[in-house]
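Next up is a structure, given as structure tokens.
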Amino acid sequence: MAQKPSLPKGTRDFSPEVVAKRNYIINSLRHCFETFGFQPIETPSFENSETLMGKYGEEGDRLIFKILNSGDFLSKADQNLLNERDSQKLTHQISEKALRYDLTVPFARYVVQHQNEINFPFKRFQIQPVWRADRPQKGRFREFYQCDADVVGSKSLWQEVELIQLYDRAFDALGLKGVTVHLNNRKILSGIAEVIGAADQLIDFTVALDKLDKIGREKVEEEMRQKGISDLAIERLAPLFETYSSNADQLLALETLLETSAVGLLGLSELRFVLETLESMPLKSALVSINLTLARGLNYYTGAIFEVSAPKGINLGSIGGGGRYDDLTGIFGLKDMSGIGISFGLDRIYMVLEELDLFPDHVTASTKVLFINFGDKEALYATRAISALRDLGIAAELYPDAAKMGKQMTYADKRAIPHVVLAGSDEINNQRYTLKNLIDGKQQSVTLEELVGILS
């Protein structure tokens with residue numbers, strides 16, 4: 001009995017219609033990247049394990065797909081580890097490579113390896129798949145595309161401004177208006193931890209704070225207490241739980257909270273520069289909001305932190321994110337190379353555009369006209385017109401078989417082809433074509449030139 005085909009969990013097949021819509025997003029993003037001066041690169045789908053491990057925190061390490069060594073991968077494994085079934089230690093002996101978890105760390109590796117060939121600051125974009133051994137759920141897959149734009153070799157805060165503008169322009173170009181770019185700064189989080197006396201508990205503090213929207217203030221405070229953060233420290237966090245009418249009001253509250261922290265005030269100054277600059281350079285449709293609960297990527301982000309959420313009413317998590325990393329390349333031996341980058345979540349953007357019905361009709365249009373096949377002689381006559389149309393970039397095709405008319409028309413209908421051309425003996429004798437519009441049912445006899453003109 002033949003095996004029933006299946007897919008690994010968290011992966012998908014894409015139909016022609018879906019691929020067309022995904023390509024629409026990719027092409028739109030690529031155009032925006034190029035407009036902002038970013039250059040494309042590509043890196044391998046898998047990296048040496050040592051390149052990836054330890055860069056995403058303990059949880060990230062668990063989600064990295066490891067690739068077994070080729071051949072008899074157990075032959076060189078330590079027998080004691082095999083007997084003890086110590087998978088943690090055994091992994092390093094049987095797996096030297098892993099599928100990339102994101103595009104940022106491979107990019108850092110690329111910069112270090114090619115530093116003598118690169119002109120700095122280096123602006124790159126990259127659109128490639130990544131893999132994570134995550135629990136599949138709505139909007140979360142094990143194989144998905146990231147679309148990244150990064151700048152390395154500059155500490156200028158104008159890069160933060162420009163990347164927010166890039167987010168704004170890219171989503172506006174897709175018709176996705178009203179996204180919110182959430183902003184935070186790692187230095188502000190460090191400063192807050194410092195002023196409440198929890199500097200050595202930064203991770204515990206931010207991990208709990210990050211859950212505010214999901215579990216509420218009371219449970220966040222409870223989790224902080226469980227992590228050993230004192231009641232006095234939690235009391236000092238009160239300004240973080242307040243609702244502010246504007247970014248300016250929140251900046252004022254932060255200024256008071258952070259007045260004794262040099263690092264916190266530095267982060268606040270950076271955040272204020274970005275916000276004030278954007279006020280004088282209005283965005284097309286995106287909103288910008290301070291979000292102090294935002295704590296993504298603390299293992300390598302050192303300054304600005306970004307996260308983009310879909311317009312209100314769409315509950316799909318983030319559709320983009322990023323931040324500044326002052327020394328990411330340092331892990332590969334290249335010190336003091338500041339960088340900043342953002343990522344677009346292709347799959348989630350697709351889902352949002354689909355839910356809001358924002359894909360233009362032309363995106364999924366493939367063949368514009370189908371030529372009915374009446375036999376070899378007629379097919380040969382039809383190819384004259386087909387070639388002329390294709391030369392002009394008009395998608396045209398000949399039905400491959402001289403099948404019954406009904407079958408050919410059904411094919412056109414199911415493919416949503418808007419026009420068919422009938423070219424039988426009468427048309428050949430008169431050097432004409434019968435063009436039928438399948439949308440309104442009208443048909444007309446035309447010359448080749450007229451046919452080209454109508455379909456152009």
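Coordinate-derived values only; no laboratory data. Please read all numbers here as calculations on a predicted model, not as lab measurements. Using ideal geometry, Cβ is built from the backbone for each residue, glycine included, and neighbour counts are taken over all protein chains shown.
What FRET efficiency do you get for Thr43 and Gln93 if R0 is 35 Å and r is their Cβ-Cβ distance, rounded to the nearest 0.05?
Details: r = 26 Å, r/R0 = 0.73.
After rounding, the FRET efficiency stands at 0.85.
For segment 202-292, which GluC sites (Glu not before Pro) are in a loop by DSSP, counting at most 13 other Cβ atoms within 10 Å?
Numbers: sites: Glu218, Glu221, Glu222, Glu223, Glu235, Glu242, Glu255, Glu259, Glu270, Glu276, Glu279; in loops: Glu242, Glu259.
When the GluC sites (Glu not before Pro) of segment 202-292 are filtered for loop state and at most 13 Cβ neighbours within 10 Å, Glu242, Glu259 remain.
Now for a different question. Using a cut-off of 22 Å between alpha-carbon atoms, which lysines can reach Lys219, once sequence neighbours fewer than 8 places away in the same chain are excluded?
Filter leaves Lys211, Lys227.
Using modelled amide H (1.01 Å from N, peptide plane; none on Pro or chain starts), what sits under 5 Å from the amide H of Phe374, excluding residues fewer than 5 places away?
Amide H to amide H, under 5 Å and 5 or more residues apart or across chains, Phe374 pairs with Ala379.
Here's a follow-up. So what is the relative contact order for the chain, in percent, with contacts set as C-alpha pairs under 8 Å and at least six apart?
Details: 729 pairs, mean separation 68.8, N = 456.
Reported relative contact order: 15 percent.
Using Cβ counts within 10 Å as a stand-in for footprinting exposure, how do Met405, Met337 rank, fewest first? Don't jump to the answer; show the numbers that get you there.
Details: Met405 13, Met337 22.
With the sparsest Cβ surroundings first, the list reads Met405, Met337.
Let me ask something else. When the chain is fully extended, how far beyond the present Cα-Cα distance does Arg62 get from Lys227, taking 0.36 nm per residue of separation?
Working: separation 165, 0.36 × 165 = 59.40 nm, distance 2.25 nm.
So the chain would gain 57.2 nm between Arg62 and Lys227.
Order of Ile428, Ile417 from fewest to most other C-beta atoms within 10 Å? Don't jump to the answer; show the numbers that get you there.
Working: Ile428 16, Ile417 20.
Taking fewest neighbouring Cβ atoms as first place, the list is Ile428, Ile417.
Moving on. Taking the alpha-carbon distance from Lys97 and a cut-off under 17 Å, which lysines remain once sequence neighbours fewer than 8 residues away in the same chain are dropped?
Here the lysines satisfying the reach criterion relative to Lys97 are Lys55, Lys66, Lys76, Lys89.
Further question on the same structure: For Leu252 and Trp158, what is the calculated FRET efficiency with R₀ set at 22 Å and r taken between the beta-carbons, to the nearest 0.05?
Details: r = 24 Å, r/R0 = 1.11.
Calculated value: 0.35.
Under a crude label model (7 Å from the Cα following the beta-carbon direction), how far is Met281 from Glu117 in nanometres?
Label-label distance for Met281 and Glu117, simple model: 3.1 nm.
On to the next question. What is the angle, in °, between the Cα long axis of helix 104-113 and the longest principal axis of the Cα atoms in the chain? Nearest 10 is fine, range 0 to 90.
Between the helix axis and the principal axis of the chain, the angle is about 90 degrees.
Give the lysines reachable from Lys284 as a straight Cα distance under 19 Å; neighbours fewer than 8 places away on the same chain don't count.
Lys177, Lys312
Using only Cα atoms, find the angle between the long axis of helix 186-195 and the longest principal axis of the chain, and express it within 0 to 90 degrees, rounded to the nearest 10.
30
How much length is gained on full extension from Val452 to Asn69, taking 0.36 nm per residue of separation minus their Cα-Cα distance? Show your work: numbers first, answer last.
Values: separation 383, 0.36 × 383 = 137.88 nm, distance 5.73 nm.
Using 0.36 nm per residue and subtracting the Cα-Cα distance, I get 132.1 nm.
Once fully extended, how much extra length lies between Tyr244 and Ser387, figured as 0.36 nm per residue of separation less the alpha-carbon to alpha-carbon distance? Write down the numbers at each step before the final one.
Working: separation 143, 0.36 × 143 = 51.48 nm, distance 6.33 nm.
So the extension gain works out to 45.1 nm.
Give the calculated FRET efficiency between Glu354 and Asp213 to the nearest 0.05, with a Förster radius of 22 Å applied to their Cβ-Cβ distance. Walk me through the numbers before you get to the answer.
Values: r = 24 Å, r/R0 = 1.11.
Plugging the Cβ-Cβ distance into 1/(1 + (r/R0)^6) gives 0.35.
Add -39500 (n - 2.57) for each DSSP H run of 4 or more in the chain, then divide by its residues: what number comes out at 222 nm, to the nearest 500 deg cm²/dmol?
Details: 18 runs with 188 residues, N = 456.
Counting only the DSSP helices, I get -12500 deg cm²/dmol.
Same structure again: Suppose every K and R has +1 on its Cβ and every D and E has -1 on its Cβ; what is the size of the dipole of the chain about the Cα centre, in Debye to the nearest 20? Please list the in-between numbers first.
Details: 52 positive and 62 negative charges, 265 e Å.
The calculation lands at about 1280 debye.
Here is a follow-up. Could you give the nm distance between label points at Gln444 and Ala416, where each point is 7 Å from its Cα heading toward the beta carbon?
Between Gln444 and Ala416, the label points sit 2.6 nm apart.
Given H placed 1.01 Å from N in the peptide plane, which residues other than close sequence neighbours of Ser95 have an amide H under 5 Å from its amide H?
Residues meeting the criterion, in which the H sits 1.01 Å from N, are Asn69.
Roughly how far apart, in whole Å, are the Cα centres of segment 297-373 and segment 146-205?
Segment 297-373 and segment 146-205 have Cα centres spaced 14 Å from each other.
Hey, another quick one. In the structure displayed, which of Lys123/Lys335; Lys21/Lys404; Lys123/Lys155 lie more than 24 Å apart, Cα to Cα?
Numbers: Lys123/Lys335 18 Å; Lys21/Lys404 33 Å; Lys123/Lys155 13 Å.
Lys21/Lys404, as the Cα separations exceed 24 Å there.
Within 12 Å, Cβ to Cβ, of Leu358, how many net charges do the neighbouring residues add up to if Lys/Arg are +1 and Asp/Glu are -1?
Values: positive: Lys21, Lys177; negative: Asp172, Glu354, Glu355, Asp357, Asp361.
Overall, the nearby charge balance is -3.
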